[in-house]
Amino acid sequence: MNKRLRYLLLVLTLVAAIFAASGCGADSSALAGDVSGVSVTRQSVDAADAADIQNASDEDKAGNNAGDSARDNGTKYDASEFMAIVPEWTGEPFCVINENTPDFEKNEIWTKTQESLDPLDSLGRCGTANSCIGVDGMPTKPRGNISEIHPTGWHTDKYDFVEGGNLYNRCHLIAHKLSGDDAVARNLITGTSYMNRQGMLPFEDQIEEYVKSTGNYVMYRVTPCFVGDELVARGVHMQAISVEDGGKGLAFNVFCYNVEPGIEIDYKTGDNKLADKTTGQPDDATQSGVPSGNPLPGGVQSENGLTNGTQAEDGQSESQSTDAATETYVLNTNTGKFHHDWCKSVDQMKDKNKQVVEATRDEVIAKGYDPCKNCNP
């Protein structure tokens, strides 16, 4: 009897042990699953924060202001202190900051293509955008539709005298042609046509041409400058430095004004109206003017072909005479651009891509070359 009892107790003990082990196994599996999920989530967040935009999730890239997962409700951007050192707008698209010397720290300069976008603040406004620009990160297809994004202060007001008609553009902090970004809320602000085309574009063109002609990288930072609770930025602070040569090939530090000549803007809301003669564009200013200390030698050219020369009645700059004159031009057979021989971009060309010719401007264009937008040949 005692033997049978001992046997029964042994069987019951074994059954209880097996049951307990099975239960613990299920719990361990669930816990392991939770840990795995946390690990994957953390890896995804790190990839986005570390700025490899190619590894960011589709939701993160296409987030909108109504529910962008990257919004930081505890942050409010305010550039009041910086704006105190920026000169009042006097009719030029941009001004030079810190003698045109960018202020990157060594640990802020990346050596491969990646991008980092600050989260939207508590008002839904963009913060600083950092990007290391390389050929491998540039888009291979046209820009997509970005109309779903409505940056803070967005209005769809039109004026006949504004280039493109619309007062406001959805301005990429890091241009699509440099990053491939489309409808990324953290990379789009409400900017005037004037700032977008006359202010930012020439510098974006300069980066694009340098990177494509050299194969080098450019560290690039753009910060929208909001004052207090204003929903429209007063402008953008743009800095860039070529990585491999420590800025010898390309470097700038500028502020582009978010203004539109002839229009008064309420930066608090984005509301706007025609300016009266006393508050509009200064009499001696031109939309395409370039201030002294201009980091783009020879003037700048935007998509509409305006340069910093005086515009003739027929719409052609006086710096581009219709008289056929033979000049020395340098062709970049890789990018399809042609330059003045003094253009800074010439020094960055690889010898195998460089060709010096004596020809008229029209003859070079007829061969399929486009004028450099920095030196404006």
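The values are calculated or read from the model by the stated rules, or taken from the named source; none is laboratory data. A quick note: this is a predicted structure, and the numbers were derived from the prediction, not measured. Methodologically, a virtual Cβ is constructed for each residue, glycine included, from the backbone with ideal geometry; neighbour enumeration extends over all protein chains shown.
Okay, residues lined up against (1) in the same structural domain as residue 251 (by TED's automatic domain parsing); (2) at pLDDT below 85; (3) surrounded by 14 or more Cβ atoms within 10 Å (Cβ to Cβ); (4) among the charged types (D, E, K, R):
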residue: 313; (1), (2), (3), (4): no, yes, no, yes
residue: 331; (1), (2), (3), (4): no, no, yes, no
residue: 335; (1), (2), (3), (4): no, yes, yes, no
residue: 339; (1), (2), (3), (4): no, no, yes, no
residue: 343; (1), (2), (3), (4): no, yes, yes, no
residue: 348; (1), (2), (3), (4): no, yes, yes, no
residue: 356; (1), (2), (3), (4): no, no, no, no
residue: 361; (1), (2), (3), (4): no, no, yes, yes
residue: 376; (1), (2), (3), (4): no, yes, yes, no
For region 335-354, pairs from a residue that is in contact (Cβ under 8 Å) with a residue 24 or more places away in the chain to a residue that is surrounded by 15 or more Cβ atoms within 10 Å (Cβ to Cβ) and part of a strand (DSSP E or B), with Cβ under 6 Å and 6 or more apart or across chains, are 338/329; 338/331; 339/330; 345/339; 349/332; 353/332
Filter pass, residue 244 being without any contact (Cβ under 8 Å) to a residue 40 or more places away in the chain and not in a helix (DSSP H, G or I)
yes
Given the conditions (1) in contact with a His (Cβ under 6 Å, 6 or more places away or on another chain); (2) over 14 Å from residue 206 (Cα atoms), every one holds for residue 355 apart from (1)
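Per-residue answers, yes or no, for (1) under 21 Å from residue 111 (Cβ atoms); (2) not aromatic (Phe, Trp, Tyr):
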| position | (1), (2) |
| --- | --- |
| 149 | no, yes |
| 184 | no, yes |
| 194 | no, no |
| 211 | yes, yes |
